[in-house]
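Any read-out appearing in this document is the output of simple, stated calculations on the displayed coordinates, not a laboratory observation. In this text the structure is predicted, and so the values were computed from the model without any measurement. Glycine gets a Cβ as well: all are built from the backbone with ideal geometry, and neighbour counts include every protein chain shown.
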Amino acid sequence: MILALESSCDESALALFDPTSGLAGEWVHSQMAVHEKHGGVVPDLATREHLRTIGPLLAEVRRGHDLSQVDAVAVTHGPGLAGCLAIGVAAAKALAVALQRPLLTVNHLRGHAFSPFIPLHGQAPETFEASLATLLPHLGLIVSGGNTLLFRLDANRRIEVISTTRDDAAGEALDKGAKLLGLGYPGGPLVEKWAGQGDATAFDFPRGIGPRADLDFSFSGLKTALRYRLEKMTPTEIEGRMADLCASYQQAVIDALVRKTRLALKTDAYRSIGLSGGVANNRTLRAALAGLAERRAGLTFLAAEPRHTGDNAGMIAFAAWADPTVSPLTDWSGEIDPSLPLAPAS
């Protein structure tokens, strides 16, 4: 049994994972109401909220579960906001000492990388290892507010980053696009809501950079194109074309993500595609990648469940068990590195 803590940004979360049966429970405190009035996450406020809420969340866990049955404590140790990470790590260290259990540190992005496999484990824990073997090598796409990248997961569960974004992440582009449109925070879901009523071909926005064979992403030019388009429109025109603007803007983001994923599939004999991260909740993106997999015989599409797309402790607990690079922390004196890479340098 693994008890995991997640506090990398604006969600305080705990989870219990049993390898023989799956997730035994998840507890989350969202800070959305705190940051909404500021139009984005305020690091100092986020840190204070973690300090205020992790204790009560742990009390909830203890009311329904005997923590003496926990075999290890896991915690996100980066990347993320340094102050927020420090609160979670300090709480995890205290728990590990109190329970006299090993402390496992998990990279937040590796948690996202393994999150699409959580449903596979939940369906049949006893055959998970054999089922996973049939899906490797795996091409994963992580799309969130802070990260956009493609990676390869090989038969030994080693991760190799194939491409990243050269500037903004896809989620950041959606959020900032929403801000330009005056939609508020969080922007991505609001853009998606409006896009459902619009024409995705109404406006022609750019789809990325460089030669067609280049696998890196770029979204800064897309934001600039939206700003220039809005400068040519009156407030009344913007209001009247809001649905079309959102649909066209969102489609440009999705087309870039799908195109790069399709190109990456040509680099190896992949058996599955995975989608994770906050933007993985976007229904249009999910449908587009599912369609890409369907058009290729023998390719399985795996998407993280909605509750495991954002910051959550369930994926941290699962990765602490499934990721072979995770090991007990031996030196507890090290400082938090808020910018840890997904894959260690070779």
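A few points about this structure:
- Taking the longest Cα principal axis of the chain as reference, the axis of helix 82-99 is set at about 20 degrees.
- Cross-link table LYS193/LYS266; LYS193/LYS232; LYS37/LYS223; LYS37/LYS193; LYS93/LYS176, entries beyond 28 Å C-alpha to C-alpha: LYS193/LYS266; LYS93/LYS176
- Average Cα contact separation per residue, the chain, under 8 Å, 6 or more apart, as relative contact order %: 24 percent
- Charges were assigned to the Cβ only: +1 to each Lys and Arg, -1 to each Asp and Glu. The resulting dipole of segment 126-250 about its Cα centre is roughly 260 debye.
- Across segment 315-324, computed HN-Hα scalar couplings (Karplus, 6.51 cos²θ - 1.76 cosθ + 1.60, θ = phi - 60°) run 6, 5, 5, 5, 5, 4, 8, 8, 8, x Hz from first to last residue, x flagging Gly and Pro.
- Separation of alpha-carbon centers, segment 217-275 and segment 296-310, rounded to whole Å: 21 Å
- DSSP-defined beta bridges in the chain - what % are antiparallel, rounded to 5: 60 percent
- Segment 133-209 shape via C-alpha gyration tensor axes, a/c threshold 1.5: prolate
- Anisotropy class of the chain from Cα gyration tensor, a/c 1.5 cut: oblate
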